[in-house]
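Below: one structure, written as structure tokens.
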Amino acid sequence: MARDTEVLVLGGGSTGCGIARDLAMRGLEVTLVERGTLTDGTTGRMHGLLHSGGRYAVSDQASATECIQENEILREIAGHCVEETGGLFVQRPEDPDDYFREKLEGCRECGIPARVLSGSEAREVEPYLADDVKRAIEVPDGAVDPFRLCVANAIDAETHGARIETRAEVVDLLRDDDDIYGVEVRHESGPGKHTHATAGTTEKITAEYVVNATGAWAGQIGAMANLEIAVRPSKGVMTIMNVRQVDTVINRCRPKGDADIVVPHETTAILGTTDEEVADPDDYPEEQWEVDAMIDTLSDLVPILAEARTIRSFWGVRPLYEPPGTGTQDPTDITRDFFLLDHAERDGVSGMASIVGGKFTTYRMMAEQISDHVCEKLGVTATCATADEPLPGSENVEILEAGMDDFGLRSPVARRSKQRLGSRARDVLETDEPNPVICQCEGVTRAEIRDGISQSGTDLNAVRIRTRASMGNCQGGFCCQTMANELHPTYDEETIREALDELFQERWKGERHALWGEQLSQAMLNYALHATTMNRDRDPASESSTVDFAAFDDGRGAQ
Amino acid sequence: MAIEDDVLVVGGGLAGTIAALAAADESARVRLVSYKQSTLRHASGLVDVLGYTPAGDGPLVDPFDALADLPEGHPYERVGNEAVREALSFFDGIAGDAYEGGHTDANALVPTHGGTVKPTARYPGSTAAGLASDDRDTLLVGFETLPDFEAPLAAAHLEAAGAPFVARGVTVQFPGIVRDDAKVTRYAHLLDHDEVVATATGETTARAALAETVRAHLEDETRVGFPAILGDDRADAVRADLADRLGVDVFEVPMGPPSLPGMRLEELLYAALEDAGVRVTTGVPVVDYETDDGGIERIDHVVVDRNGTEIPHRADQYVLATGGLVGKGVRSERERVFEPIFDCHVPHPADRYDWFVDDVFGDQPYARFGLPVDRELRPLDADDDLEFENLRAAGAVLGGYDFAAEKSGSGVSLATGYVAGQRAGTEAGR
Ligand SMILES: Cc1cc2nc3c(=O)[nH]c(=O)nc-3n(C[C@H](O)[C@H](O)[C@H](O)COP(=O)(O)OP(=O)(O)OC[C@H]3O[C@@H](n4cnc5c(N)ncnc54)[C@H](O)[C@@H]3O)c2cc1C
Ligand SMILES: Cc1cc2nc3c(=O)[nH]c(=O)nc-3n(C[C@H](O)[C@H](O)[C@H](O)COP(=O)(O)OP(=O)(O)OC[C@H]3O[C@@H](n4cnc5c(N)ncnc54)[C@H](O)[C@@H]3O)c2cc1C
């Protein structure tokens, strides 16, 4: 029987997009379905540390070795998504000397370049480190933008012929006895780009082979075909600061613990994280103690964090997995390695494999191994090229640097837009039309917003993720409405109103965990702007009752 | 030596300036000390009294009808219905021709830059021709370089809101604006000074060029609305000139920050302070206070920080008008919400996760944070006793109301500023 596609990939996180790119480059016909937008799962809710491997150099040397290999590859193929910040493992006086030594040795054994800095040398690198910091190990950690990297993989997969469907939730696996031959998806608003107005449809997509890359949700997919996949989702908090207090990734050099990393990202620094097993990856408590712990614990390393302004906090769930029977109690002890579950071997059900566990940093290597497996199953001989072929946007960075002046763009804005867009910068930003700044905090211009809209439709949260618009100090209070304005005239007024409401509510969701001090004042200002100045909370256009306009002052009695 | 006055007002927003003017009206010697820019620069320049009940009913045609039913502790309930009316006529006296709406008790519905309509009680003359209950067809004009106002979208939105006229929007280039990120004050300045600008057909003046650009799009409409950038110092002249050239009425649609109508109101109030002989010191914060001994605490003097030097300011009566969370008269930390100068009691839930609800436009507890007061507007402590005998509070620093949901911000500042200033003025004169 003819199938709709050769390989069907479930899940549009880093793993799924990485697999789609790899297989498409090998010449296979690929379809990827994602229930939300790309990066909606854990990939869009992680710390953004491009691991050097230092973190695992004592506890898990296999992972550490993979990390440093992939770290080096990603710097090559995705330079525009990586900031080479470097990292420090910082030892405080109370942290064990033994562990410091083991860490250093471990790094060397795994091939991770590592150098010891004295306390004062470390403070020269990072002036805000605490005065009593004892020593530090310098490693090549980096900051990675998971949104851009994931999207770059998806775009490249499309270039190689893949079909990427977002807002397409898998609602059932198609199973014929012991063979899985496809899925049924529900399109939230019809196939293609997401717009709010179109009605939903369902579609059966058949495939030669199905790859379940739904991370923390892999168990839910498995259950649709009575397969048990014991994912142990574990949540972690990340707290965003309003300024970039450090330029280097700061790790605490002690065996394990919560709140031990600060990662600089663009204009902010992000504190993380916790590790707590949860029952449902879609519904878990986001707790105050977690945010407090970030600030209280990390200010031991960087004291000014205690006084600094936090913008918001967000949570993600790790798709941790243990083979049946391991029985680890503490989620921090569960391996960060990934597992490929071949359901034919494991459960006697052919046509599908599931991937669980792993890390963002090693997504490409995971994708390569899975793609090898798929090719073997389908009897295809084709080799992996993803380690050598740069991702879209990363080629010719130098030419782009030089071409900067041609764009006539003012520096801070342009430099960052250009980094975001990579080699597409010229196409997007070179415009004859007026190009005012839409988001002042992050310096995002109209051209970039419109480019985001051309790719994401009315899903302004996706536009936000592509452009960073509305993610700065004001948390969208000042620019959400202006972003929505750019949907006009392509979309109608009602659709735009709904898109704006959705974005504004989403921005509020993240802000709630930073609601004190400056950020509470900002929240009140944003609320006043939208409710008082614009009356968006009681917009007559959205209310069911009609207004008796004639009963109000028409201004004519005034003279 | 300490600076001495009858009444000292702390905070120079709408509440503080009105309080100072009301106190001066009682022949008191008044000083106003203010730190940073007030909320007026963010606000639209409209003076809302009450657009919706706390339960969300509305838009209210007659705000005064609804005042009687407000819950105990609401600032309007504290001062009483009559005081609200007196305060408004006091404001009308100060604002003169600059504001309209005083001819009726009914609210007006003003089109906003988001395309909705908003109930308000007093509106600047510049928005008068744009009211949504006026059924004349309307052309809205936006500018390519001002992304906050998308005129065709706003027009469609007005229609969806049921406005009783046909609205159409166009987006044009603003003659003389060359930078994509020019500030709104730059647009206003061009028009105020009617600067020479270059157009496709040669050099002309800014107002003529703008009128020419808009004329090409005008059909049967008898009024034209622009974003609120039509001049600053000479806004009336700019509007009249444009109306004359176009042969239709011209009005402004209030905008978000920085808001020219808000700044114009601020200028008007500060000019009135000068006329009334109020001594004004801006750019300096009040940082501390001292009490004198005796029964109920009395403030002896406050301490002003002038570039690091602490200068005592003494008065008989004090008015606290330092604003709410936005003006920084109410502050918060992870564990508490507080009033930073006098440490007056600010009721709030102990757990900061109870300070908000999940729906962004839900019934937000944080929006009601502020001081509880008696009917004389004197702050009360946790036991409902007076914090200080000679301190009154006015404006957004007060608690117990959500001005954003009710659309009552400036009205509360006016009414409570007026009452606090007047009482302080009379008491000091005794
Ligand atoms: C707090 C935290 C911090 C982290 N920090 C780092 C770090 O600094 N560095 C690092 O390397 N790694 C980090 N990680 C790990 C890393 O984020 C994850 O390993 C990685 O992002 C997982 O990607 P994924 O594609 O496997 O899963 P996901 O990104 O979760 O992708 C799965 C996708 O499947 C979709 N899906 C679910 N159900 C369905 C359905 N029914 N139909 C269709 N689609 C569906 C989801 O919407 C989701 O988009 C962190 C993880 C957490 C939780
Ligand atoms: C975005 C926005 C839009 C609004 N739109 C409208 C509207 O359309 N209609 C309407 O009716 N209302 C509106 N309002 C509400 C209205 O503007 C405010 O409620 C009102 O102006 C508050 O005035 P206030 O004088 O109490 O406080 P503020 O205007 O906040 O003034 C307080 C002043 O006190 C000063 N201060 C603070 N601490 C000290 C100190 N220690 N020492 C000295 N000075 C100090 C501050 O610097 C500030 O100048 C809006 C508000 C906002 C935020």
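The values are calculated or read from the model by the stated rules, or taken from the named source; none is laboratory data. Please read these numbers as outputs of a predicted model, since none were measured by experiment. All Cβ positions, even for glycine, are placed from backbone atoms using ideal geometry, and neighbour counts span all protein chains on display. These area figures cover heavy atoms from the full protein model, side chains too; ligands, DNA and RNA do not enter into them. Shrake-Rupley method; radii C 1.70, N 1.55, O 1.52, S 1.80 Å.
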> Among B:170-181, B:33-44, A:162-173, B:417-428, what's the highest-first ranking by average C-beta atoms within 10 angstrom per residue?
Replying inline: B:417-428, B:33-44, A:162-173, B:170-181
> Name the residues of segment B:338-387 whose accessible area falls by at least 20 Å² when all protein chains are present instead of the chain alone, probe 1.4 Å?
Replying inline: B:ARG352, B:TYR353, B:TRP355, B:PHE356, B:ASP358, B:VAL360, B:PHE361, B:TYR366, B:ALA367
> Which of rounded, prolate, oblate describes chain A, given a ≥ b ≥ c as roots of the alpha-carbon gyration tensor eigenvalues and a/c under 1.5 marking rounded, otherwise prolate only if a/b is larger than b/c?
Replying inline: oblate
> Using the alpha-carbon centroid of each, what span in Å lies between segment B:103-134 and segment B:350-380?
Replying inline: 29 Å
> So what's the angle, to the nearest 10 degrees on a 0 to 90 scale, between helix B:151-160 and the longest Cα principal axis of chain B?
Replying inline: 70 degrees
>> Using only the alpha-carbon atoms, how far is helix B:409-429 inclined from the longest principal axis of chain B? Give it as 0 to 90 degrees, nearest 10.
In response: 40 degrees
>> Please compute the contact order of segment A:431-533 in relative form: average sequence separation of alpha-carbon pairs under 8 Å and at least six residues apart, divided by the residue count, as a percent.
In response: 24 percent
>> Nearest 500 deg cm²/dmol is fine: what mean residue ellipticity at 222 nm does chain B get from its DSSP H runs of n ≥ 4 alone, each adding -39,500 (n - 2.57), divided by its residue count?
In response: -8500 deg cm²/dmol
>> Leaving ligands and nucleic acids out of the surface, order B:ASP236, A:ASP132 by accessible area at 1.4 Å, largest first.
In response: B:ASP236, A:ASP132
>> At q = 0.08, 0.12 Å⁻¹, what log₁₀ I(q)/I(0) does chain B have when each alpha carbon counts as one equal point scatterer in the Debye sum?
In response: -0.48, -0.99
> At a 1.4 Å probe, what is the % contribution of carbon and sulfur to the accessible area of the protein assembly as shown?
Replying inline: 45 percent
> 222 nm [θ] for chain A, helices only, -39500 (n - 2.57) per DSSP H run of 4+, per residue, to 500?
Replying inline: -10000 deg cm²/dmol
> How well do other chains shield peptide B:148-160, expressed as the mean number of their Cβ atoms within 10 Å of each residue Cβ?
Replying inline: 5
>> Is the C-alpha gyration tensor of the protein assembly as shown telling us rounded, prolate or oblate? Criteria: a/c under 1.5 is rounded; beyond that, a/b larger than b/c is prolate, otherwise oblate.
In response: prolate
> Applying the Karplus parametrisation 6.51 cos²θ - 1.76 cosθ + 1.60 with θ = phi - 60° to the phi angles of segment B:321-330, what ³J(HN,Hα) value in whole Hz is obtained for each residue in order, glycine and proline being reported as x?
Replying inline: 9, 8, x, x, 4, 6, x, 6, x, 10
>> From Cα pairs below 8 angstrom and at least 6 apart in sequence, can you work out the relative contact order of segment B:113-253, rounded to a whole percent?
In response: 29 percent
> For chain B, modelled as a GNM with alpha-carbon contacts under 10 angstrom, which of B:HIS74, B:HIS301, B:HIS103 fluctuates the most?
Replying inline: B:HIS103
>> Please compute the per residue accessible area over the protein assembly as shown with all protein chains in place, 1.4 Å probe, rounded to a whole number of Å².
In response: 37 Å²
>> If you take every residue apart from A:GLU486 with its C-beta less than 9 Å away from the C-beta of A:GLU486, what net charge results, scoring Lys and Arg +1 and Asp and Glu -1?
In response: +1
> Hey, which of these cross-link pairs are over 30 Å Cα-Cα: A:LYS359/A:LYS509; A:LYS256/B:LYS328; A:LYS235/A:LYS377; A:LYS103/A:LYS509; A:LYS235/B:LYS328; B:LYS36/B:LYS118?
Replying inline: A:LYS256/B:LYS328; A:LYS235/A:LYS377; A:LYS103/A:LYS509; A:LYS235/B:LYS328
> Can you give me the relative contact order of chain B as a percent, contacts being Cα pairs under 8 Å and 6 or more apart?
Replying inline: 26 percent
> With Cβ to Cβ distances under 9 Å as the rule, what net charge do the other residues near A:PRO140 carry (K, R +1; D, E -1)?
Replying inline: -3
> How many angstrom lie between the C-alpha centres of segment A:225-269 and segment A:448-477?
Replying inline: 24 Å
> Where Lys and Arg each count +1 and Asp and Glu each count -1, what net charge lies around A:ARG186 among other residues with Cβ under 14 Å from its Cβ?
Replying inline: -4
> Between chains A and B, what is the buried accessible area in Å², counting both sides, with a 1.4 Å probe and ligands, DNA and RNA left out, to the nearest 100?
Replying inline: 6300 Å²
>> Can you classify segment B:201-249 as rounded, prolate or oblate using the Cα gyration tensor, where a ≥ b ≥ c are the square roots of its eigenvalues, rounded means a/c under 1.5, and otherwise it's prolate if a/b beats b/c and oblate if not?
In response: oblate
> How well do other chains shield peptide B:125-134, expressed as the mean number of their Cβ atoms within 10 Å of each residue Cβ?
Replying inline: 4
> B:THR222's amide H: which non-local residues (gap 5+, or another chain) put their own amide H closer than 5 Å, with H modeled 1.01 Å from N in plane and none for Pro or chain starts?
Replying inline: B:ASP137
> In what sequence, largest accessible area first, do A:LYS204, A:LYS509 appear using a 1.4 Å probe?
Replying inline: A:LYS204, A:LYS509
